Amino acid sequence: MLKMRLLYHPAFLEHTPPFPHPERPRRMLIALEALRGACFSVLDSEFPPARVEDLHRVHLPAYVEGILDKISSGISVLDADTYLSRGTAKAALYAAGAALKAAELAGSGEPAFAVVRPPGHHAGRGGRAMGARTQGFCIFNNSALAAARLLELGLKRVAVIDFDAHHGNGTMEIFYSDPRVLIIDFHEDPVTLYPGTGFPSDVGEGEGEGYKVNVVLPPGSGDDVYELAIEELANPILDSFKPEAVVFSAGFDAYAGDGLAHLRAGAYTFANFGSLHRFHGVRRAAAILEGGYEEGLSKGLPAFASSLAGQGLTAAEKLHSAEAVRKLAREYIAELKLLLRRYWSI
Ligand SMILES: [Zn+2]
């Protein structure tokens, strides 16, 4: 039996699409079934929903009010990708509450995984972030809230590791000028995938310049490319930044064949991410679910969760990229290293 706090609430099933949509309640059932299969037996629903004022840590009050007004007036479409339903407010407030609770548990040294929906990493301070055309299924930014809560608890340096296939433009925007939050975001090339943001030159601004790292991966990138990017970029930067806590913005849509992206990560990569904080001697870790729709949830998520709970790396087979993809990825990584040498010894 594996032990780790898994924060889940039945309210997450009440955010329901008005038309067929990949971000649907069934995702939770796939995730819970996979966690049971990985020997996690206990779910924790004993946490309060976030209060409206809790959301002001990362969102403009007018944005939060606007969302709640739209829901209560029965509006079901926020933008071309993102829907609302009668249960959305409850689901989104409990998702934010789970993220806050995960941060508090992490702050006291207990790893926690908030298995939530709707996801959050595309939601910026006022909704759409960094010029994206939609909010990509996201309502409130759960991962940003977790990072903000850890800072509020007195931590000085928090690293957000976002390994969802899509760029976490909302989280990036929220902390863009904040040097206390290092973000390392692994995502598919913005030229080939929504939201079309997160280029290597987006390094943060003002005091936050250099603390935002966009690791762009070519379509077709497999476990070998992820491993190289972690070794060449994430490891030296994390060694130097010395985070006091890590928030995993944990999306599983980079899993090979998950459906919405073109990456080919396998269980090997997700297990690697689940132990990345320990590899750097960081005791505090919170994970917040982002995307992942089919096999990413059934196979990638349990590999990550088992690793986060402290189970050693499973003997997962490493998925290799095609030679041309590996070559392109090496070029991307070399270019990013060159660009980041202004800020880090890499
Ligand atoms: Zn995604």
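The values are calculated or read from the model by the stated rules, or taken from the named source; none is laboratory data. Keep in mind that this is a model prediction, so the values were computed, not measured. Cβ sites come from the backbone with ideal geometry, for glycine too, and all protein chains shown count toward neighbours.
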Would you confirm whether or not the range 157-164 contains a residue that is under 18 Å from PRO25 (Cβ atoms) and of a type in the set (Phe, Trp, Tyr)? no
When the residues of the range 274-290 are narrowed to those that are among the small types (Gly, Ala, Ser) and over 17 Å from ILE183 (Cβ atoms), which ends up farthest from the ligand (Cβ to nearest atom)? GLY281
Looking at LEU29, is it modelled with pLDDT of 95 or more and surrounded by 18 or more Cβ atoms within 10 Å (Cβ to Cβ)? no
Out of (1) aliphatic (A, V, I, L, M); (2) more than 16 Å from the ligand (Cβ to nearest atom); (3) touching a helix residue (DSSP H, G or I) at 6+ places or on another chain (Cβ under 9 Å), the odd one out for LEU151 is which? (3)
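Among the residues of the range 63-84, which ones are in contact with a Pro (Cβ under 7 Å, 6 or more places away or on another chain) and surrounded by fewer than 16 Cβ atoms within 10 Å (Cβ to Cβ)?
SER76
When you check GLY127 against the structure, is it more than 14 Å from the ligand (Cβ to nearest atom), over 22 Å from VAL203 (Cα atoms) and either touching a helix residue (DSSP H, G or I) at 6+ places or on another chain (Cβ under 8 Å) or without any contact (Cβ under 8 Å) to a residue 60 or more places away in the chain (or both), yes or no? Before the answer, list the steps.
Details: more than 14 Å from the ligand (Cβ to nearest atom): yes; over 22 Å from VAL203 (Cα atoms): no; either touching a helix residue (DSSP H, G or I) at 6+ places or on another chain (Cβ under 8 Å) or without any contact (Cβ under 8 Å) to a residue 60 or more places away in the chain (or both): yes.
So GLY127 does not fit the description; no.
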Report the residue count in the range 149-171 for those that are more than 11 Å from the chain's Cα centre (by Cα) and aliphatic (A, V, I, L, M). 6
Before we move on, is GLY196 within 14 Å of the ligand (Cβ to nearest atom), surrounded by fewer than 24 Cβ atoms within 10 Å (Cβ to Cβ) and on the phi > 0 side of the Ramachandran plot? yes
HIS167 is checked against (1) closer than 22 Å to MET130 by Cα; (2) surrounded by 24 or more Cβ atoms within 10 Å (Cβ to Cβ); (3) touching a residue at least 60 places away in the same chain (Cβ under 8 Å); (4) within 16 Å of the ligand (Cβ to nearest atom) and fails just one. What number does that condition carry? (3)
Which one of these does LYS318 not meet: (1) crowded, with 18+ Cβ neighbours inside 10 Å; (2) in contact (Cβ under 8 Å) with a residue 40 or more places away in the chain? (1)
Are there any pairs with C-beta distances below 8 angstrom linking a residue in the range 38-50 that is farther than 14 Å from PHE113 by Cα to a residue that is assigned to a loop (DSSP other than H, G, I, E, B), with the two at least 6 apart or on different chains, and if so which? CYS39/MET1; ALA50/PHE140
